[in-house]
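One structure below.
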Amino acid sequence: MAIKVIVSYDGTANEDDAIAFGSLLARAGAEVSLGYVRHTDEAVSDEEAQEVLDRGAAHFEGTFASRHAVTDRSTPEGLQTLAGQIGAHVVVFCSDSHTAPGHVTIGNSAERLLEGGSVAVGIAPAGLAESLATARRIVAVGEAGGAGGAQATAQSLASALGAEVVPVADDAADLLLIDSRANAEPGRVSISSSAAHLIEIATCPVLVLASGVSLQFGGAPVGAAA
């Protein structure tokens, strides 16, 4: 069964970077959906929401498995609910809009899901949409004493993308996988201060895994649009 990914998209600054990260995961066999959260205090019509989703889909390399406009007072809560409804394993965000090109910062919505969410959290570096998103060198970072799945997930992605898993998270890395902290609740995401620092200095897409969970990529991509 293919890994299911939701790309968070509302059409604002840097959101196309999340689309580019989603496209990369799709090349690894992931089934990628687009999620737009309308806030309950916003008057956004169904037609306007569809226009936002169409703009996002136009930047995706391939065909989205599905597109969803959901209404919630909170973007992370809306995405977490959507993930539960469609069985998604990953939610992908862009970096904060003030991030320098080639760097990663954790936005408010991503931060919420990194503090107890039940799905892996991906964050794209600023400017990823303007470059060729590739993954030749993948780095897995585990937690001492933890039950993480970063190494197994990295091997799976490397096999699906024709990449290699390398030991050092330097500027040559194309994708960084990070385990949740060793004492995190099983199935939940929670990062240590050292992991947060790694994200802050990262120059490539980052994927933080839930405790004890590994993701097996390489399934046949889904081609039907919703």
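The values are calculated or read from the model by the stated rules, or taken from the named source; none is laboratory data. Remember, predicted model here, so these are calculated numbers, not experimental data. Cβ placement follows ideal geometry from the backbone for every residue including glycine, while neighbour counts extend to all protein chains displayed. Each accessible area value is taken on the protein alone, full model and side chains, heavy atoms only, with ligands, DNA and RNA left out. Shrake-Rupley method; radii C 1.70, N 1.55, O 1.52, S 1.80 Å.
Note on the range 207-226: among residues that are at pLDDT 80 or above, assigned to a loop (DSSP other than H, G, I, E, B) and not hydroxyl-bearing (Ser, Thr, Tyr), the one that is farthest from Ile178 (Cα to Cα) is Gly218. Taken across the range 52-60, residues that are open to solvent by less than 50 Å² (accessible area, probe 1.4 Å), of a type in the set (Phe, Trp, Tyr) and within 21 Å of Ala202 (Cβ to Cβ) do not occur at all. In the set (1) within 18 Å of Asn14 (Cα to Cα); (2) part of a loop (DSSP other than H, G, I, E, B); (3) modelled with pLDDT under 95, the condition left unmet by Val104 is number (3). Of the residues making up the range 77-104, those that are closer than 23 Å to Ala182 by Cα and open to solvent by 30 Å² or more (accessible area, probe 1.4 Å) are Gln80, His89. Screening Gln50 on (1) within 23 Å of Gln216 (Cα to Cα); (2) polar (S, T, N, Q); (3) free of Cβ contacts under 8 Å to residues at least 40 places away in the same chain shows it passes everything except condition (1). Considering the range 105-124, and only residues there that are touching a strand residue (DSSP E or B) at 6+ places or on another chain (Cβ under 7 Å) and of a type in the set (Val, Ile, Thr), the residue that is most open to solvent (accessible area, probe 1.4 Å) turns out to be Ile106.
Taken over the range 4-26, the criterion of being part of a helix (DSSP H, G or I), over 17 Å from Ala120 (Cβ atoms), open to solvent by 10 Å² or more (accessible area, probe 1.4 Å) and of a type outside the set (Asp, Glu) is satisfied by Ala20 alone.
For the range 160-175, check the following and say yes or no: at least one residue is open to solvent by less than 10 Å² (accessible area, probe 1.4 Å) and under 14 Å from the mean Cα position of the chain (by Cα). Scanning the range 160-175, I find at least one residue that is open to solvent by less than 10 Å² (accessible area, probe 1.4 Å) and under 14 Å from the mean Cα position of the chain (by Cα), so the answer is yes.
Among the residues making up the range 27-42, those that are surrounded by fewer than 23 Cβ atoms within 10 Å (Cβ to Cβ) and either in contact (Cβ under 8 Å) with a residue 12 or more places away in the chain or part of a strand (DSSP E or B) (or both) are Arg27, Gly29, Ser33, Arg38, His39, Thr40, Asp41. For the range 123-155, which positions are part of a helix (DSSP H, G or I), farther than 27 Å from Ala58 by Cα and over 16 Å from the mean Cα position of the chain (by Cα)? Within the range 123-155, Gln151, Ala152, Gln155 qualify. Pairs linking a residue in the range 62-86 that is at positive phi and part of a loop (DSSP other than H, G, I, E, B) to a residue that is open to solvent by less than 60 Å² (accessible area, probe 1.4 Å) and among the polar types (S, T, N, Q), with Cβ atoms under 8 Å and 6 or more positions apart or on different chains, are Gly62/Ser23.
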